[in-house]
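The structure under discussion appears below in the form of structure tokens.
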Amino acid sequence: MNGLKTLWHRLGSPRWFYQMMKPWQTGLGFVALVALLVGTVWGLAFAPEDYQQGNSFRIIYVHVPMVVLAQSAYMMLGSAGFVLLVWRMKMADVAMVAIVPVGMTVTAIGLFSGAVWGRPTWGTWWEWTDARLVSTLVLLFLYVGLYALREAIPRAESAGRACAVLAVVGLINIPIIKYSVEWWTTLHQGATFTATRMSMPIEMAAPLIVNIIGAYCLFGYLVLLNMRTELLRRERDTKWVGALRTEVIDGV
Amino acid sequence: MGLVRLQFQREWRLLARARSEALNPLVFLIMTVTLFALALDGQAQALSRYAAGIFWVLVLLSSLLSLDGMFRRDFEDGSLEQILLLAEVPFLPIIGKMLAQWAATGLPVVLMSPLLGTVLQLPPEALGPLAGALLVGTPTVSMLGAVGAALVVGVRRGGALLGLLVLPLYIPVLIFGTAAVNGLAAGTGGVAQIYWLAAMSVLAVTLAPFAVHAALKISLENG
Amino acid sequence: MTVFVSIQGLSVSRGRNRLFEGLDLTLSAGDCVEVRGANGTGKSTLLRCIAGLYQDFQGELTAEPCAYLGHNDGLSALLTVEENLRWYAGLSGGSASSKDIAAALATLEASHLVRRQARALSAGQHRRVALARLPLLGHKLWLLDEPYTALDDAGTALVDGLIRDHCASGGAVMAATHADMSVSTAQCWVDR
């Protein structure tokens with residue numbers, strides 16, 4: 001219990017976080033690079049063809065990791081918002097600043113790859129009967145709203161907490177939105193093939209799992225990178241950042 | 001409860017004195033319904049098929065008009081900060097304010113819906129379900145909208161931002177609301193969707209005032 | 001002696017600007033402190049911190065619930081003076097009879113305004129009505145941000161009287177001003 005408490009306090013210290021997370025960031029980046037390389041080459045070149053969709057199914061190796069990540073990122077965002085509101089922990093705000101752009105990009109890639117997949121599969125770029133695409137679109141709206149709200153409020157402290165309120169409200173809403181969209185798409189289900197069908201043989205699934213792990217590591221790497229950059233920006237007037245600056249300049 | 005009533009009465013008095021402003025969202029709804037009927041050539045078949053969906057979308061959009069101003073006047077004249085300072089439980093006057101907002105905008109829409117539904121060529125058997133779905137669905141709209149309004153109250157030109165923030169959150173209301181009306185009118189179900197709308201309203205009425213309170217505190221700190 | 005406000009080492013920044021640092025202050029019954037300092041040095045922010053409207057500060061701060069008068073008078077333009085004051089009394093958990101309201105307005109010589117809508121008042125009248133609500137709220141601690149704004153000489157004297165009476169009856173006042181107040185018992189400079 002005591003150990004957890006110290007960890008909690010340390011997590012709140014920008015300097016400690018900045019230094020401790022450096023090896024984590026490097027490690028995650030390395031694992032992400034290897035996993036994505038292996039998973040992608042394996043998936044694109046060695047996994048067997050789908051008997052129904054041919055080679056076009058291979059876009060799931062991009063699409064599925066992105067869509068899964070988009071949701072997890074929002075969950076993290078909501079949790080960070082909750083921590084910020086309840087414990088006023090500034091690090092949670094830094095985490096939110098770091099997650100929003102990454103989550104938004106990942107969601108956009110998920111949507112785009114879904115559309116590209118839809119073209120050969122359904123013969124159309126956009127299919128309203130696919131629950132995953134529609135709820136990912138809603139997720140993108142939520143990310144855009146958070147981004148716009150932060151931009152609109154000039155004082156950083158207020159902007160962070162306002163975004164936290166919105167993220168928590170969104171977090172409560174997401175299961176309801178997801179359920180309603182899924183229910184709605186089954187009501188309108190016209191196509192015989194659904195993208196949500198996910199029973200695939202192990203030779204096809206293994207590279208996907210590798211890529212999902214890689215995507216999570218990449219996400220962790222990018223978020224840590226953003227967080228550490230944001231910390232330097234916020235703490236630019238403090239002694240420890242000043243010392244870091246002289247260190248770097250001396251190194252050059 | 002006294003504080004809820006106190007605030008409700010105050011809001012009601014204010015609305016009565018700024019009647020044209022209070023009626024704007026309803027007038028907007030009536031006009032856009034008319035525009036839709038004209039745009040679709042008044043073709044009874046096409047219209048009646050989509051009338052429920054069109055009507056729900058217009059209700060959601062018109063709600064933004066009233067929500068935008070919901071806290072702004074009190075924010076600007078300084079009475080909002082007094083609510084948070086003086087009320088022993090600021091939560092209560094905030095609930096009063098939100099209830100008044102719903103009573104002034106959601107309720108008239110429910111009452112007008114048979115008329116407007118008819119203009120949109122909804123069959124008579126769909127008018128009851130429409131009013132019912134609106135009655136249990138619009139509280140969610142008011143509550144979620146109030147959270148958004150409280151977040152942007154200090155933001156210049158927050159109106160456009162408000163739509164961006166709350167419209168995605170309205171999606172379940174839109175889906176269940178439309179499905180309930182269509183299902184009940186065609187006799188193919190829809191009761192479950194009414195329950196969903198009611199459950200969401202209960203959830204929203206319980207939780208939204210907390211979020212509004214937090215959001216207002218943040219907005220005032222910014223001012 | 002009742003202590004209404006106790007502050008130790010209070011520091012407040014806005015963005016990268018440090019407004020004030022290491023401020024100490026104690027406010028007890030009968031005190032009237034004038035908060036002084038140049039524009040933009042944090043007088044208003046200090047009052048908002050004490051009121052609980054601004055929580056982004058470092059240091060120790062404890063304060064009783066207070067009646068706060070900000071830059072904005074907090075009167076609804078479309079309500080009459082009486083309706084506004086009655087709402088205030090209700091909001092702070094009490095109630096005000098017409099007699100209470102008349103008495104409160106009389107202390108600021110604003111009795112004739114009771115039936116007017118707030119939007120029909122001049123700036124000075126508006127401020128007088130806003131000040132008239134203070135005795136109705138029943139709070140011992142008053143925080144006043146520039147209470148003399150828009151007031152004429154007669155109005156200024158009336159406000160001084162109001163503050164003097166309040167302090168004499170065991171209350172305490174903190175007021176941000178630019179001019180010396182005749183009723184203050186102490187000064188607190190935020191920029192020195």
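Of note:
- Per-pair calculated FRET efficiency, R0 = 60 Å: A:Lys239 and C:Ser169 via Cβ, rounded to 0.05: 0.75
- Accessible-area composition of region A:46-205, carbon plus sulfur, in percent [1.4 Å probe]: 67 percent
- CD proxy at 222 nm, helix term only [per DSSP H run n ≥ 4: -39500 (n - 2.57); per residue of chain A; nearest 500]: -28000 deg cm²/dmol
- The mean count of C-beta atoms from other chains within 10 Å of the C-beta of residues in B:143-151, rounded to a whole number, is 3.
- Relative to the longest principal axis of the Cα atoms of chain A, the long axis of helix A:90-122 lies at roughly 20 degrees.
- Restricted to Cα atoms, region A:207-252 shows a radius of gyration and a Dmax of 16.0, 47 angstrom.
- The Stokes-Einstein estimate for region C:59-99, based on a Kirkwood radius over Cα pairs and taken at 10 °C with 1.306 mPa s viscosity, is a diffusion coefficient of 130 µm²/s.
- Residues whose amide H lies under 5 Å from that of C:Tyr68, counting only those 5 or more places away or on a different chain, are C:Leu143; hydrogens are built 1.01 Å from N in the peptide plane.
- Near-label residues of region C:1-42 by backbone N, under 11 Å of a point 7 Å along Cα→Cβ of C:Glu60: C:6-10, C:25
- Neighbourhood net charge (15 Å Cβ-Cβ; Lys/Arg +1, Asp/Glu -1) for A:Glu49: -1
- Portion, in percent, of the accessible area of chain B that falls on carbon or sulfur, probe 1.4 Å: 68 percent
- Taking every alpha-carbon pair under 8 Å whose residues sit at least 6 apart, chain B reaches a relative contact order of 26 percent.
- Calculated log₁₀ intensity ratio I(q)/I(0) where the Debye formula runs over C-alpha points of region C:81-134, q = 0.13, 0.23, 0.32 Å⁻¹: -0.25, -0.80, -1.42
- Computed lengthening from A:Ile172 to A:Glu247, 0.36 nm per intervening residue step minus Cα-Cα distance: 22.5 nm
- Nearest-0.05 FRET efficiency for B:Ala192 and B:Leu38, computed from C-beta distance (R0 35 Å): 0.50
- Ranked by the mean number of other Cβ atoms within 10 Å of their residues, highest first, the peptides A:164-175, C:101-112 fall in the order A:164-175, C:101-112.
- Heavy atoms of C:Arg128 accessible to a 1.4 Å probe, total area in Å² rounded to 10: 30 Å²
- Straight-line cross-link partners of C:Lys43 among the aspartates and glutamates, defined as a Cα under 16 Å from its Cα and at least 8 positions apart when in the same chain: B:Glu221, C:Glu21, C:Asp24, C:Glu34, C:Asp56, C:Asp145, C:Glu146, C:Asp180, C:Asp191.
- Under 5 Å, built H, 5+ apart or other chain: amide partners of C:Phe20: C:Val12
- Percentage of interatomic Cα-Cα distances in region B:2-222 larger than 28 Å: 29 percent
- Summary value for region A:119-241: 28 percent relative contact order, contacts being C-alpha pairs under 8 angstrom separated by 6+ residues.
- Heavy atoms of chains C and B lose about 2300 Å² of accessible surface on contact, summed over both sides with a 1.4 Å probe.
- Probe 1.4 Å, all protein chains present, accessible-area order of B:Tyr195, A:Tyr74, A:Tyr147, largest first: B:Tyr195, A:Tyr147, A:Tyr74
- Summed buried accessible surface, chains A and B, 1.4 Å probe, nearest 100 Å²: 2400 Å²
- Per-residue shielding of C:65-71, expressed as the average number of other chain Cβ atoms within 10 Å of the residue Cβ, stands at 3.
- Calculated [θ] (222 nm, deg cm²/dmol) that DSSP helices of n ≥ 4 give over chain B, each run adding -39,500 (n - 2.57): -29500 deg cm²/dmol
- Over 34 Å [Cα-Cα, chain A], rounded percent: 27 percent
- Each Cα pair under 8 Å and six or more residues apart adds its sequence gap; the mean of these over the residue count of chain C is a relative contact order of 32 percent.
- Annotation for region C:6-100: trypsin sites (Lys or Arg not before Pro) lying in DSSP loop with at most 14 further Cβ atoms inside 10 Å of their Cβ are C:Arg16.
- Proportion of all alpha-carbon pairs of region C:49-192 beyond 25 Å (%): 26 percent
- Residues along region B:165-181 losing 20 Å² or more of accessible surface when the other protein chains are present rather than the chain by itself (probe 1.4 Å): B:Leu165, B:Pro168, B:Leu169, B:Ile171, B:Pro172, B:Ile175, B:Phe176, B:Ala179
- Distance between the C-alpha centres of region B:84-135 and region A:205-252: 49 Å, rounded to the whole angstrom.
- Mean shadow area of the protein assembly as shown over all directions, Cα convex hull, nm²: 36.3 nm²
- The 1.4 Å probe gives accessible areas that order C:Asp56, A:Asp237, largest first, as A:Asp237, C:Asp56.
- Beta bridges per DSSP with both ends in chain C, % antiparallel, nearest 5: 45 percent
- Against the rule of thumb 2.2 N^0.38 Å, how large the Cα Rg of region A:46-153 comes out: 1.28
- Only protein heavy atoms count here; under a 1.4 Å probe, A:Arg236 has an accessible surface of about 80 Å².
- Accessible surface of A:Arg155 - all protein chains present, 1.4 Å probe, nearest 10 Å²: 30 Å²
- Taking only alpha carbon atoms, region A:69-212 gives an Rg to Rh ratio of 1.04, where Rh is the Kirkwood radius.
- For the segment B:205-212, counting C-beta atoms of other chains within 10 Å of every residue's C-beta and taking the mean gives 2.
- Share antiparallel - DSSP beta bridges, the protein assembly as shown, percent rounded to 5: 50 percent
- Think of a 1.4 Å ball rolled over the protein heavy atoms: region C:1-100 then has 40 Å² of accessible area per residue.
- Pairs of Lys residues in chain A, spaced 8 or more positions apart or belonging to different chains, with C-alpha separations under 26 angstrom: 6 in total.
- Just the protein heavy atoms count here, and of the accessible area of region C:81-134 at 1.4 Å, carbon and sulfur take up 52 percent.
- For the pair region A:102-143 and region C:147-165, the centres of their Cα atoms are 65 angstrom apart.
The values are calculated or read from the model by the stated rules, or taken from the named source; none is laboratory data. Since the model is a prediction, treat every value here as computed from it, not as a measurement. Every residue, glycine as well, gets a Cβ built from its backbone with ideal geometry; the counts of neighbours run over all protein chains shown. Calculation scope for accessible area: heavy atoms of the full protein, side chains included, ligands and nucleic acids excluded. Shrake-Rupley method; radii C 1.70, N 1.55, O 1.52, S 1.80 Å.
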